[in-house]
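Visitor: Below is the structure I would like to discuss, written out as structure tokens.
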Amino acid sequence: MTVPASQLNPYHKFLGDARPHDVLEMTAVTIARLIRNSDHAQLTRAPASGKWSIRDILCHLADCEVTFAFRLRQTIAEAHHVIQPFDQDGWASPYPALDARDALDAFGAFRRWNMLLIHAVGANAESKPVVHPERGEMTFRTIIETMAGHDMNHLRQIENLI
């Protein structure tokens, strides 16, 4: 049975026709441009109770990049590895004590490292399978597409908050 892309990658709709590698290459640069003139108040203001500020989104992106780094590497190194989901709200508890620009710097560094890996393994790794316990079997390529769609989702949120 073929699983629809939207089930394997919940961010598929945000990616649209964009090329995943292009999105991944440009996200940190785009965010830096978007927040260039933002002050601390603008970066830490939540749009509503229970919603994330720009700082929170940037911290989340940095955390996710660490998670994606691990998933990409395990997919390459281990046969049919089972991905470990994580509780993003639980991970978010320290965000109020962190700085938005530090989070962006961390995200950019992790992203650069992940892109070096993605380019190093090339197209041969794209079909390597991995299992997500909530979404089913996917591939290295699906992880890349998820990363890019996730970026697009949060880029839109940041644009709206600016």
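Visitor: Out of THR75, THR67, which single residue is under 15 Å from GLU145 (Cα atoms), β-branched (Val, Ile, Thr) and in contact (Cβ under 8 Å) with a residue 40 or more places away in the chain? Walk me through it before giving the result.
Guide: Details: THR67 fails: in contact (Cβ under 8 Å) with a residue 40 or more places away in the chain.
After applying the criteria, what remains is THR75.
Visitor: So how many residues does the range 10-24 have that are buried (at least 17 other Cβ atoms within 10 Å of the Cβ) and over 19 Å from GLU134 (Cβ atoms)? Spell out how you get there, then give the answer.
Guide: Here is the first cut: in the range 10-24, the ones buried (at least 17 other Cβ atoms within 10 Å of the Cβ) are 11-12, 14-15, 20, 23-24.
The next check asks that each one be over 19 Å from GLU134 (Cβ atoms); those that pass are 15, 20, 23-24.
So the count comes out to 4.
Visitor: Cβ-Cβ below 7 Å, separation at least six or inter-chain, first residue in the range 132-150 and under 13 Å from LYS13 (Cα atoms) and touching a residue at least 60 places away in the same chain (Cβ under 8 Å), second basic (Lys, Arg) and not in a helix (DSSP H, G or I): which pairs?
Guide: From residues that are under 13 Å from LYS13 (Cα atoms) and touching a residue at least 60 places away in the same chain (Cβ under 8 Å), there are no pairs.
Visitor: So which of LEU104, LEU161, LEU98, LEU116 is surrounded by fewer than 11 Cβ atoms within 10 Å (Cβ to Cβ) and over 19 Å from LEU15 (Cβ atoms)? Talk me through it step by step, then tell me what you get.
Guide: On the way: LEU104 fails: surrounded by fewer than 11 Cβ atoms within 10 Å (Cβ to Cβ); LEU161 fails: surrounded by fewer than 11 Cβ atoms within 10 Å (Cβ to Cβ); LEU98 fails: surrounded by fewer than 11 Cβ atoms within 10 Å (Cβ to Cβ).
Criteria check complete, one pass: LEU116.
Visitor: On to the next question. Filter the range 28-47 down to the residues that are surrounded by 13 or more Cβ atoms within 10 Å (Cβ to Cβ) and either of a type in the set (S, T, N, Q) or on the phi > 0 side of the Ramachandran plot (or both) and list them by number.
Guide: Listed by number, the residues that qualify are THR30, SER38, GLN42, THR44.
Visitor: Would you pick out the residues in the range 121-150 that are in a strand (DSSP E or B) and either surrounded by 17 or more Cβ atoms within 10 Å (Cβ to Cβ) or of a type in the set (Ser, Thr, Tyr) (or both)? Steps first, answer last, please.
Guide: Step one: filter the range 121-150 for residues in a strand (DSSP E or B), giving 129-132, 136-139.
VAL130, HIS132, MET138, THR139, listed by residue number.
Visitor: State which residue is nearest to ALA28 (Cα to Cα) when the search covers only the range 71-108 and only residues that are in a helix (DSSP H, G or I) and of a type in the set (D, E, K, R). First the steps, then the outcome.
Guide: Filtering the range 71-108 for residues in a helix (DSSP H, G or I) gives 71-77, 88-91, 95-97, 100-108.
Among the residues that remain, those that are also of a type in the set (D, E, K, R) are: 71, 73, 89, 101-102, 105.
Details: ARG71: 20, ARG73: 21, ASP89: 22, ARG101: 11, ASP102: 12, ASP105: 8 Å.
Here the answer is ASP105.
Visitor: So which of ASN124, ASN114 ends up being among the polar types (S, T, N, Q) and touching a residue at least 40 places away in the same chain (Cβ under 8 Å)? So that I can check it myself, show each step before the final result.
Guide: On the way: ASN124 fails: touching a residue at least 40 places away in the same chain (Cβ under 8 Å).
One residue alone meets the criteria, ASN114.
Visitor: Can you pull out the residues in the range 50-76 that are out of contact with any Lys or Arg (no Cβ under 6 Å at 6 or more places or on another chain) and of a type in the set (S, T, N, Q)?
Guide: Step one: of the range 50-76, the residues out of contact with any Lys or Arg (no Cβ under 6 Å at 6 or more places or on another chain) are 50-52, 54-64, 66-74, 76.
Within the range 50-76, THR67, GLN74 meet the criteria.
Visitor: For the range 36-67, name all the residues that are modelled with pLDDT under 95 and touching a Leu at 6+ places or on another chain (Cβ under 7 Å).
Guide: Within the range 36-67, PRO47 is the sole residue that qualifies.
The values are calculated or read from the model by the stated rules, or taken from the named source; none is laboratory data. Just so you know, these numbers come straight off a predicted model, no measurement behind them. For neighbour counting, all protein chains shown are included, and Cβ atoms are generated from backbone atoms with ideal geometry for every residue, glycine included.
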